[in-house]
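A short write-up of the structure that comes next.
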Amino acid sequence: MESITNVTEYEKLAKEKLPKMVYDYYASGAEDQWTLKENREAFSRILFRPRILIDVSHIDMATNILDFNISMPIMIAPSAMQKMAHPEGELATARAAASAGTIMTLSSWSTSSVEEVNSVGPGIRFFQLYVYKDRNIVRQLVKRAEMAGFKAIALTVDTPRLGRREADIKNRFTLPPHLVLKNFEDLDLGTMDKTNDSGLASYVAGQVDRTLSWKDVKWLQTITSLPILVKGVVTAEDTRLAIEYGAAGIIVSNHGARQLDYVPATISCLEEVVREAKGRLPVFLDGGVRRGTDVFKALALGASGVFIGRPVLFSLAVDGEAGVRKVLQMLRDELELTMALSGCTSLREITRAHVITDGDRIGRSRL
């Protein structure tokens, strides 16, 4: 894979390699896919204000997330059903994250169980949670994640129903017959029925709790001592509520543009959330991150770190664990270069003054 020079190149190779149903499931967004495109394009409208003549002979990218020291502010987002991409699936991803010294988030709908992922060896791992109608299932799952050494719960809050993903409807998406949702296998909830549209949409309609509300964030705190990150916040109002209900952190996310179409890009929502948070809890971002420059822009706008999703899936499909390692290394190298060329030697030195947004340009034009 020596010829690959950036993260985006993995997507084309993955498309050639994966079955259409699987590639479309990973790659597509909701409805018109406007937000899917905007998640990327919004980054391109943020420009740099680099500082010069600063000694950048040593760059430190290390950071601390929820009291865990990691090598860089680039972490792995939860992505479901990774064994559709590669036989080793989440196990390969977990090994790659550990070798890079960063955090992996395991999806509830993984094709490897929390116990199997734990068995690959040491690593800092978070567990993404969907709340099922049967709360005993949730209790069991959270307890298993705790026992398997997971360090935080990322509670997905933007999926009371599954977004309308038309590629999945066309393909009648379902989990390939040789795979199961491993965390639910013993509960007879590990497989999806074949349907006339999306098997996943039918599964979600049958199992995921549409009544989920802020009081359930409090309820989760009664069944686990793990910190709870609220994943799917995009407004100041919900930031205020996340703080009020005891969240340990916020992930600004639109679910990879797979839920409600025509929401703004996450990078466009980030500053509103950060301003409301006022440093009371860390704010993270996922969605559209493909370059080290994107990571720098998110940090400059107040994020404590970013999570990447599709780049992991596509690199996993192309080259397994080695592919995921390479994606993490490329993003790390690009961030280091961006920091050097912007005159920043540590993450602390990356400030709002290092970037110009659309809002800044409008403000200046009025002066």
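Shape call for the stretch 91-249 from the C-alpha gyration tensor, a ≥ b ≥ c root eigenvalues: rounded (a/c under 1.5), prolate (a/b greater than b/c) or oblate? Spell out each step's value before the answer.
Details: a/c = 1.61, a/b = 1.11, b/c = 1.44.
In terms of gyration-tensor shape, oblate.
Charges on Cβ only, +1 for Lys and Arg, -1 for Asp and Glu, centred on the Cα centroid of the chain; of 184, 104, 339, which one is farthest towards the dipole's positive end?
Final value for the positive-end residue is 339.
Round to the nearest 10 and give me the degree value, 0 to 90, for the angle of helix 135-147's Cα axis relative to the longest principal axis of the chain.
On a 0 to 90 degree scale, this one is about 60.
Considering only 267, 84, 118, whose Cα is most displaced toward the positive end of the charge dipole of the chain, charges sitting on Cβ of Lys, Arg (+1) and Asp, Glu (-1)?
Final value for the positive-end residue is 267.
Taking only protein heavy atoms into account and a 1.4 Å probe, give the accessible area per residue of the chain in Å².
Numbers: 15690 Å² over 367 residues.
The answer is 43 Å² per residue.
For the residue pair residue 12 and residue 209, what label-to-label distance in nm results when each label sits 7 Å from Cα along the Cα-to-beta-carbon direction?
My value for the distance between the label points is 4.6 nm.
Label-point separation (nm) for residue 53 and residue 119, each offset 7 Å from Cα along Cα-to-Cβ?
6.1
For the chain, with only Lys/Arg (+1) and Asp/Glu (-1) charged at the beta-carbon, what is the dipole magnitude about the Cα centre, in debye rounded to 20? Don't skip to the answer; put the middle values down first.
Values: 46 positive and 45 negative charges, 104 e Å.
It comes to approximately 500 debye.
Would you calculate, for the chain, the mean residue ellipticity at 222 nm contributed by helices, counting each DSSP H stretch of 4 or more residues as -39,500 (n - 2.57) and dividing by all residues, to the nearest 500?
Details: 14 runs with 155 residues, N = 367.
Helix contribution divided over all residues of the chain: -13000 deg cm²/dmol.
Among 256, 163, 121, whose mean-square fluctuation peaks in a Gaussian network model of the chain (Cα, cutoff 10 Å)?
Result for the chain, Cα springs under 10 Å: 121 fluctuates most.
Would you grab the residues whose amide H sits under 5 Å from the one on residue 305? Only those 5+ places off in sequence or on another chain, please, with H modelled 1.01 Å from N.
285
So, in nm, how far is label residue 260 from label residue 67 when the simple model puts each one 7 Å beyond its Cα toward the Cβ?
3.4
Treating the beta-carbon of each Lys and Arg as +1 and of each Asp and Glu as -1, no other charges, what is the dipole magnitude of the stretch 258-355 about its Cα centre, to the nearest 20 debye? Don't skip to the answer; put the middle values down first.
Numbers: 13 positive and 12 negative charges, 30 e Å.
Dipole of the stretch 258-355, to the nearest 20 debye: 140 debye.
In a GNM of the chain with a 10 Å cut-off on Cα contacts, which of 293, 102, 357 has the highest mean-square fluctuation?
Residue with maximal mean-square fluctuation among 293, 102, 357: 357.
Between 354, 58, 86, where does the largest GNM mean-square fluctuation fall for the chain, given springs only between Cα atoms within less than 10 Å?
Largest GNM mean-square fluctuation: 58.
The values are calculated or read from the model by the stated rules, or taken from the named source; none is laboratory data. Small disclaimer: the values here were computed from a predicted structure and weren't measured. Backbone-built Cβ (ideal geometry, glycine too); neighbour counts: all protein chains shown. All accessible areas refer to the heavy atoms of the entire protein, side chains included, with ligands and DNA or RNA removed. Shrake-Rupley method; radii C 1.70, N 1.55, O 1.52, S 1.80 Å.
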